[in-house]
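To keep things clear, I will list the structure first and then write my remarks on it.
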Amino acid sequence: MDAKSAARERFESARAGLIELSHRIHAYPELGFEEEKSSAWLCEWLADAGFAVEKGICELPTAFRARFGTGPLHVGICAEYDCLPGIGHACGHNIIAASALGAALAAAKVADEVGLTVSVIGTPAEEVGNASGKILLLERGGFRGIHAAMMVHPAPFDLLRAKIIAASMFEVHYTGKESHASAFPELGVNAADALTIAQTALGLLRQHIRSSDRIHGIVTNGGAAPNIVPAHTSAKYIIRAETLDQLRELRPRVHRCFEAGELATGAKVAITGGDKPYAEMRHDEQMAALYRRNSEALGRPFPNLGEWETRPTASTDMGNVSLAMPSIHPLIGINSLPAVNHQPEFAAHCITADADKALGDGALAMAWTCIDLASEPDVREGLTGRR
């Protein structure tokens, strides 16, 4: 039996259990850095499969690293398993986690035969928007020794090289002064007015930024009561640009909008976070070509999606990984339209038959890509020679 057939046989023996794991993670959604159940279930699976599992790596309690094989090429498969507040697994991280396990289990079957070491990297808190799991793991050595990394991400459709852009999340806090809103309004300093002025300034700024830039946020505290001049307001905002360099250009312009609220009202502003932004994704062309070939061999071609091929989409800390080592992050379709990521309806689609099929196809395409990376001498030597 050839290596890919053996890997497929190993995956098929675990398929039902992996689908059950995906559905279980979906049923118990956990926010970033709080993924205790999901992390434990994944580690248990990997340990039972013979992987050497390290829990709580890099001082992150819900991060882990599980390793199998002794080959010269070391590939990392990233697992995400955090959810979104209020709408659960509306980005399909349950599928990401289970497909990462499936890929690793399949590749492990032939790892030593083809010259491969495979690690699953449990990366918490992808959805937090700043100082996330992969960024902290990169800083603290969690990816040390790995030559290439990959993962698949559910979406309404398949896309090999999504245009993933840089992003920075930060919080804004205004501090004013309470007063009776009717009897003594002149004695108050209105922090809500400061935030309103900032939002107005942002709306005007949008006319003069790149079409690929994004500015969006929420008010997290708008005041205590309508008859009290608000002394404390706060918001969370994300800014995005095609690259980290463009993001650095955009950031001070956005910050000045919040400073305008301070200047106009006298409420003091404090901006925190945004110090560890998400980078743009650089898809490794050689790895992407191999993944395409394997996906097509499984009967999952990549359609021509027109503007979606070049339209800026989401952001992910996998972009930071891609700047550190060759990486891919293909999207895998779950046939969810009109539902799209970050909608409750998309969350519901993440445990359908189409989602379960995507789990399997993504796992096998990644496993076969790992085998190709290790088996083709020029590719293997090119990757191992980069580190």
* **Charge context of C370, other residues only, Cβ under 14 angstrom, K/R +1, D/E -1** => +2
* Structure fact -> Checked against a 30 Å limit on the C-alpha separation, the offending pairs among K134/K357; K276/K357; K55/K163; K134/K268; K4/K37; K37/K276 are K276/K357; K55/K163; K134/K268; K4/K37
* Please work out whether the chain counts as rounded, prolate or oblate from its C-alpha gyration tensor, where a ≥ b ≥ c are the square roots of the eigenvalues and a/c under 1.5 means rounded, while otherwise a/b larger than b/c means prolate and anything else oblate? => prolate
* Asked: Quick one: Kirkwood hydrodynamic radius for region 166-273, alpha-carbon pairs, angstrom, one decimal?
  -> 14.2 Å
* Quick one: order H173, H89, H342 by neighbouring beta-carbon count within 10 Å, fewest to most. => H342, H173, H89
* Structure fact -> hull vol. (C-alpha, convex hull) per residue for region 39-180, Å³ -> 165 Å³
* Asked: So for H23, H349, fewest C-beta neighbours within 10 Å to most, what's the order?
  -> H23, H349
* Would you calculate the volume per residue, in Å³, of the smallest convex hull containing every Cα atom of region 18-99? => 91 Å³
* Structure fact -> In whole Å, largest first, the alpha carbons of region 285-387 cover along the principal axes 45, 27, 25
* Just the number, please: Stokes-Einstein D of region 226-348 in µm²/s, Kirkwood Rh from C-alpha pairs, 25 °C, 0.890 mPa s. => 133 µm²/s
* For region 174-222 and region 104-170, write down the distance between their C-alpha centroids in whole Å. => 37 Å
* Asked: Kirkwood Rh over Cα pairs of region 262-330 into Stokes-Einstein at 25 °C, 0.890 mPa s: D in µm²/s?
  -> 160 µm²/s
* Inter-part distance where region 43-90 and region 276-353 are each reduced to a Cα centre, Å -> 20 Å
* Taking the Cβ of R292 as the center, what net charge do the other residues with Cβ under 13 Å away carry, scoring Lys and Arg +1 and Asp and Glu -1? -> -3
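Here, each number is a calculation from the coordinates, and none is a lab measurement. This structure is a prediction, so every number in the text was calculated from the model and none was measured. Note that each Cβ is placed from the backbone with ideal geometry, even for glycine, and that neighbours are counted across all protein chains shown.
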